[in-house]
Every structure is written in structure tokens, then in C-alpha cells.
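The values are calculated or read from the model by the stated rules, or taken from the named source; none is laboratory data. Please read all numbers here as calculations on a predicted model, not as lab measurements. Every residue, glycine as well, gets a Cβ built from its backbone with ideal geometry; the counts of neighbours run over all protein chains shown. Only protein heavy atoms, including side chains, enter the accessible area calculation; ligands, DNA and RNA are left aside. Shrake-Rupley method; radii C 1.70, N 1.55, O 1.52, S 1.80 Å.
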Amino acid sequence: MLAAMVNAAEVNAADVQNVSLLYGNFAALRRVTCSFATGGMHLLLGENGAGKSTLLRILAGLITPSGGTVRVLEGSPAERRSRIAYMSHASMLYDEMTAMENLRYFAQLGCAPGTCALCHASPEMSLRAVGLDHTLTRPVSQYSQGMRQRVSLARVLLTDPELLLLDEPFSNMDGTGARDLVALLQDVLTWPLTTGASTGVAKRTIILTTHQHDLVSGAVDSTTRLERGTIAAEQSVAA
Amino acid sequence: MKTLFTILAAVAVVLLGFGLYQAFLVAPTEATMGPVQRIFYWHVPLNIIGEITPYVNMLASIAYIFLRGRNQLAARRADALAVASAEVTVLFVGLGLIGGILWGRPAWGIWWAWDARTTSTLLLLLLYVSYLLLRRFSDGPGSRTIAAVLSIFAGVDVPIVFMSIRWWRTQHPAPVLTGDGEIDPVMKSAFAWNLLAFFIWGIVLIWARYATLRREQALAEREALQLIGVA
Amino acid sequence: MTKARHYLSIVLLHLRKELHLEWRSRDAITGMLFFTLLIAVVFSLAFDPTSNPTLARQISGGIAWIGLLFAATTSLNGSWAREQRNQVLDAHRLSPAPPSALFVGKALANFLFVTLVEVVLVPVFVLFYNIRPLGQASLLWLILPLGTWALVLNGTFFSALSLRSRNRDLLLPLILFPISIPALLAVVNGTTSVITGEFDPNLWIRLLAGFDIIFTVVALLLFGTVLHAE
Amino acid sequence: MGYSADSIRYLHIAYTIFITVQVAYVAWLAARWKRVTSAIATTRPPGA
């Protein structure tokens, strides 16, 4: 039992080995090898086009790499789909519906058979968590960029994911809004896991990319820098 | 493998030549339609082989979908075979249709009769042209899978097309195009030689196209490896 | 059992969302309706159905279905474009919900839209082409839904198939029309036989039913592959 | 023989098309083969 726990603690949330991705005659990623420890916040840095978003999409299982292996939560991204959440710079919401309508829809989509009763309460909770009013009746298209970003994050939190992949979560946000969001993410890391935690020691992990890295510099546990599709630097911050 | 291909190609060319000789100099001239009936000796084999190759395409596509997550090399082979057979389908069925049109004009006085056989063959051609168009219009990582899915739809559609067109034509009176009667045994053997020739020729063409595609895939792979900085 | 119930609930969820979104914009229905009406008008100008009642009987079924087919092609692409905007499609690909449920929900929604257009269209055609069905009109209750499902099923599937390709507005008809020709032939002939009463539509109804069953199964089996083809 | 001149003419047209198109396809294939072969020769094999 003890051995199992020790093992579980050593397993990484995500392992990427030798991963390459090609689009025609352009290499978005070249033999990237890196890992993200379980628990805590990990930052992916790099210029535009360095491959950050691509790497996140591969971890989410949205893109199959041209070569190499990806392990997420000790499985393939497709197998772990229900325990991963991904937020892209697009909102991934229907513009014509309100925030609550969107969230209810996605909450029901994420339900496993027979567990739907559990999910119905969470849309309000996650909207409140990101600091939005769940009684708003306007369609999402009329929200400000920052508000849409929050709803987008609320959608990610809906399914109670173990691994959160966030692509530029603070873009289009003002300073205070972004700082609130960082605080929220730090808070999310401490939330107890109710699903998918088979080992009992599972912790939440956040992998995010951002341009405003000074915002999160105090909160992150490791930084990985990508440059033109390869890993340029990897360092973990001692707690 | 290479020698086998050379032998096969030589056999096909010789057989095609022999078939032409049979069709033009050995087989007797047909009584009612005259010399133009000799189109038959290539027109029919082209269509027959062109109706088999769609199934090669469909089976290769099913194999591709099944293999793509398991065995990259085998999947790529299946994909190349699918493209090669689709192209040969379009080539053969297209030529067969042109032959039919040129036969119809002097024999019946019309270029095109919407009879069961020509119509279903035309639709067969359109199906595989659309498959090749899809391959041309979509690139990127998923394009092979998507083309394979279309190929399965097309393969399922082919018998339905043939059946529905036959029903359509039996409900509407159509000109009687083929008369029954004894076929001259010399004509029969000339036809059989040509059918054999086109069977082998079809294999040779698919093989050659397949080999070219495999080389192109290999080239793309090398370029890819250079891109990601291995080679 | 719970699995089937869950699948059904997800299908209904997608269907409700489609109806909801369409209700907000009403783009697809208005577009299709007006498009098909225009086709009816343009063809009646070309053929003059008043002075050729027999001809009008023989061609009105074909005109109606070809109009519907064209109209559906123009709006079907839009039904997936909705999922591509804001990358919602990625959310679907990441969700553990069965992918084919998304397809079925969308196809059902499109089926309802096209049916609605037909409901408006039938009296218009009766009016414009002076049609009084000479065959067994009740059979239309079978022919119309079967034909609509054939059209919408393949249309929805192939517009998802052409989602990631260049030139997708052009590509959809290029791959949809050849595949759907047996269904189109059957539905046009079935409809014409009811209007003219000249031949028996049973064969065509059976062909339509067979086409629907076969292609529904194939589409359900392959939709997941199409959705995750990247 | 009383066959129309058309009969022979169309026969010849048909076989001309059959042969020309297939020869053209083979030529196109050969050109493609040559191109890809020479391109492979100029790129280094993987791992070299």
C-alpha cells in the first residue's frame, strides 16, 4: 500500500517523449521530450509559433503527433479524456446561448451514464467560482472578452478535471482580472478531487501558456520554454 | 519483386497487342453493326475491370482505417493501394464510357442512351472522381482517413446504384440495345484474350501507381525527418 | 439499458441545442425555404405548367426534390460551421459523450428543418403547378420522410467529412450528389408515381427504406472516425 | 460491304483514344516515378 502511494507520487501528470508534429513542410514540434509533475502549476513559455498551443492540443488528445509518445495521467490522452480539461484561446462556447445554457449543455455532455444527477448543480457553482452571475440572460456574444474568458474557464472546471490545460487564459483581461484568475487557479489546485482519483493521492495539475508570465511567476512550480518547436529550457521551482 | 513486375508488364503489353490482333484481324465482322462492333473487345474488358477495382479501393480503405493506429507502415501501404485502384477505376471506366459513346453513335444513331448499363457506369465514374477530388481538396493529417471513409460509402453505394438504375430503366421503356443471339466462338475467344490482357494490365497499372505512391510517401517521410532534425 | 438511455439522452441534448440555436437565428429554415420557392418559380417560368398539365405532373416531383437538395446543401455546411466557430467542435471531441450521438442529434435537427420546409412547400407546389395527385396520396406520408432522411443523413455526414478541407462549400455537393443519386432517383420516382398515378411506387419505397437503413448504419459506424480524424 | 463509313471511322477514333489515353497515363506515371526517384537520391536517407 505504501509502495503504491510512493509510486503514485512519483508518476508524472504528463510525459512527452520524442514528440514531433508536421504540417506539410513545417515542423510545429521537433522531437520534444519533457514532463510535468503531478500537482501544481506548470508554465509553458515561448514566442508565438514556438509550439506551445500545439503541445497543449497534443496533451489534450486533439492532435495525434506525427511521431513520439504521449502519456497523460498514466494513459493515452484519448483514454483519459474524461479527466482532462482543455481551454483554448477561442471560447469553445456557442455565441447564441447564455453562459448558463452553455454550461448546462456541456455539463450534461460530460456526464458518464447514470451519474447525471451529480452534474446538474455544478454549472452555477463553477460560474460563481469564476466570479460571474449565473442569472445573466444575455447571450455569450454580448459579453466582454474578459467575461467570455471566465465563462470559458467555468466550462473547464465543470467536469472536475484532474489535469487542466489552459491556453492563454489571461489574454484580453485587465490586470486585476488576471490576478483574480491566478488566485482562482491556485485555489482550484487545493480543491479536493471527487472523481477519477483511484490512488487516493491524486492531485490536480495545471499546465498553462501565457504571455504575461510575470503574473504567474510566483505561483508556478515549473517552467518549460519552447523555441521553434523544441525545448529550450526546463526548470522546476523549489517550493 | 522488380523482375516480377517487369515480366508482368511485358506479358500485359504482349497480350494487349495480341488482343488487338485478335480483335481486328481474327474476329469476324459483326453482321448488323459492322466494324464498329470491334470496340467491344476493349470497351467491355475496360468496364469489367473498372467494376472490380472499386472493391480493391474499398477493402484497402477499410484496411487503412483498421491499421492506422496499429501499424503505420501497413496503413500507408493500404492507403497507397486505395489511391492507385481509385485512379485506375477512373481511367478504365472513363475509357469504357468513351468507347460506349463512340459505339452508340453509328450503331443506334444516338450518342448517349440513358440505359441501365451506361447510366450506372457513369455514376460509378462520378463516385470515384469525387473520391479523387476529395483527396485533392483536403490535405493535412486527417485527409487519408476522411478519404477512406468516403471510399467505404462509395463502395457500399455501387451495388445500390446498379440496382436502382436497373429498376429505373425497367419501369421506363428503353430502346432495346442488345439483341440475343449466338455469339461466334471466334469472337468469344478474341474477347477472352482481351479480358485476360486487361486483367493483367490493370494489375500492372495499379502496381506501378502503388510503387510510385510508396516512393512519394518515403520521400515525404525523409523530408519530414530532416525537418524535425533527425537526419 | 442505462447505456441506451444515456445515449438517447445525449442525442436529445444535442437535438435540443440545435433547435435552440436555429430558433435564435432561423437562418437555415428561412434560407432553405426561400431557395426552394425560387427554384419552383424559376422552373414554372421555364416550363409553363398551366398549358402543359401532364408535363407539370411529370416534372414537379423532380423539381421539388432537386430544389430541396440544393437548398439543403447550402444550409448543411452552416450547421457544422456553427460548431467550428469558437472551436466548439474541440469541446465535442474532448467530451466523453459518444460522438455518433452528436451526429444523430444534428441529423435529426436537420431532418426537422427540411420537413418544415416541405410542409410549407407542398401547398405551394400544388398551387403553382395545378397538381392533383392521381395516385395514392397517402403514400406520400412514407415517401417524404424516407426521402428527407436519406438526403439529410448523407448531407450531414458529408458536410462533417468536408469540414477540414479547402473549398468546402464546393466539395460538399461534389461528394454528396453522386452518393445520393439512388436515393434521389427513388424519391423523385416515388413522388412522381403518386402524382401521375402511372406506376407503382412500392419498389421505390423499398429502395428508399433500404438506402436509409444501410447508410444510417454506415454513418453511425464511421462518424467517430471522421470527428477524430486529425 | 454496305457498312457506313461512320462505322469504321468511329472504330478508329475509339481505339485511338483508348491507346492514347493509356499511353499518356503510363507516361505521366513514368515521369512521376522518375521525379520521385531523383528526389529521393538527393535527400539523405534517415539516420545517415
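Values computed for the structure shown
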| quantity | calculated |
| --- | --- |
| Buried accessible area, chains D and B (both chains, 1.4 Å probe, Å² to nearest 100) | 3300 Å² |
| Average beta-carbon neighbours from other chains, 10 Å sphere, peptide C:74-87 | 2 |
| Highest-fluctuation residue, A:Ala78, A:Ala154, A:Ala99 considered, GNM on chain A with Cα pairs under 10 Å | A:Ala78 |
| Approximate shape of the stretch C:190-230 as ellipsoid semi-axes (Cα gyration tensor, √5λ), whole Å, largest first | 35, 9, 4 |
| Spin-label pair B:Thr29/C:Arg24, simplified geometry with 7 Å Cα→Cβ offset, distance in nm | 7.6 nm |
| Percent of beta bridges antiparallel (DSSP, the protein assembly as shown, rounded to nearest 5) | 55 percent |
| Accessible area in the full protein assembly, largest first, 1.4 Å probe, for C:Phe199, C:Phe43, A:Phe170, C:Phe34 | C:Phe34, C:Phe43, C:Phe199, A:Phe170 |
| Interface burial for C against A (accessible surface, 1.4 Å probe, total of both chains, Å², rounded to 100) | 2600 Å² |
| Heavy-atom accessible area, 1.4 Å probe, ligands and nucleic acids excluded: residues of the stretch C:159-178 down by at least 40 Å² from chain alone | C:Leu161, C:Arg166, C:Leu171, C:Leu174, C:Ile175, C:Pro178 |
| Longest to shortest principal axis, alpha-carbon extents of chain B, angstrom | 70, 44, 23 |
| Dipole magnitude of chain C, debye to nearest 20 (Cβ charges: Lys/Arg +1, Asp/Glu -1, about Cα centre) | 600 debye |
| Carbon + sulfur, % of accessible area of the protein assembly as shown - ligands and nucleic acids excluded, 1.4 Å | 63 percent |
| Ellipsoid semi-axes in whole angstrom, largest first, where each is sqrt(5λ) of the Cα gyration tensor of the stretch C:2-227 | 33, 19, 15 |
| Most mobile listed residue (A:Asn102, A:Asn48, A:Asn25) in chain A, GNM with C-alpha springs under 10 Å | A:Asn25 |
| Positions from the stretch B:97-116 whose accessible area shrinks by 40 Å² or more when the full protein complex is built, not the chain alone, probe 1.4 Å | B:Leu102, B:Pro106 |
| Cα-centre dipole for the protein assembly as shown with unit charges at Cβ (Lys and Arg positive, Asp and Glu negative), debye to 20 | 1000 debye |
| Whole-angstrom gap from the stretch B:89-128 to the stretch B:138-166, using each part's C-alpha centre | 21 Å |
| Förster radius 35 Å - calculated FRET efficiency between A:Glu79 and D:Ala39, Cβ distance, rounded to 0.05 | 0.35 |
| For A:Leu22, residues with placed amide H under 5 Å, excluding near neighbours | A:Ala28, A:Ser66 |
| Whole-Hz couplings from phi, Karplus 6.51/-1.76/1.60, listed for the stretch C:78-90; x for Gly and Pro | x, 5, 8, 4, 4, 7, 7, 5, 6, 6, 4, 4, 4 |
| Exposed trypsin sites (Lys or Arg not before Pro) absent: longest stretch of chain C, with sites in DSSP loops and at most 14 other Cβ within 10 Å deemed exposed | C:27-165 |
| Computed helical MRE - 222 nm, chain B, DSSP H runs ≥ 4 contributing -39500 (n - 2.57), nearest 500 | -28000 deg cm²/dmol |
| Size-normalised alpha-carbon gyration radius of the stretch C:42-137, reference 2.2 N^0.38 Å | 1.51 |
| q = 0.08, 0.11, 0.16 Å⁻¹, chain A: log10 I(q)/I(0) [Debye, one scatterer per Cα] | -0.29, -0.57, -1.21 |
| Chymotrypsin sites (Phe, Trp or Tyr not before Pro) lying in DSSP loop within the stretch B:42-135, provided at most 12 other Cβ fall within 10 Å | B:Trp111 |
| Cα-based equivalent ellipsoid of the stretch D:1-41: semi-axis lengths in Å, sorted from largest, via gyration tensor | 40, 5, 4 |
| Farthest toward positive dipole pole in chain A [+1 Lys/Arg, -1 Asp/Glu at C-beta], among A:Asn48, A:Gln145, A:Ile206 | A:Asn48 |
| Shielding by partners - mean other protein chain Cβ count within 10 Å, residues of B:64-77 | 1 |
| Computed E for C:Leu170/C:Glu198 - FRET, C-beta separation, R0 35 angstrom, nearest 0.05 | 0.40 |
| Quotient of C-alpha Rg and 2.2 N^0.38 Å, computed over the protein assembly as shown | 1.13 |
| Mean shadow area of the stretch C:98-139, taken as a quarter of the surface of its Cα convex hull (nm²) | 3.9 nm² |
| Sum of -39500 (n - 2.57) over DSSP H runs of 4+, divided by residues of chain A (222 nm, nearest 500) | -9000 deg cm²/dmol |
| Considering only the stretch A:2-236, percent of DSSP beta bridges that pair antiparallel, nearest 5 | 50 percent |
| Loss of accessible area when C meets B, both sides summed, Å² nearest 100, probe 1.4 Å | 2900 Å² |
| Å² of accessible area per residue within the stretch B:1-144, as computed with a 1.4 Å probe and no ligands counted | 43 Å² |
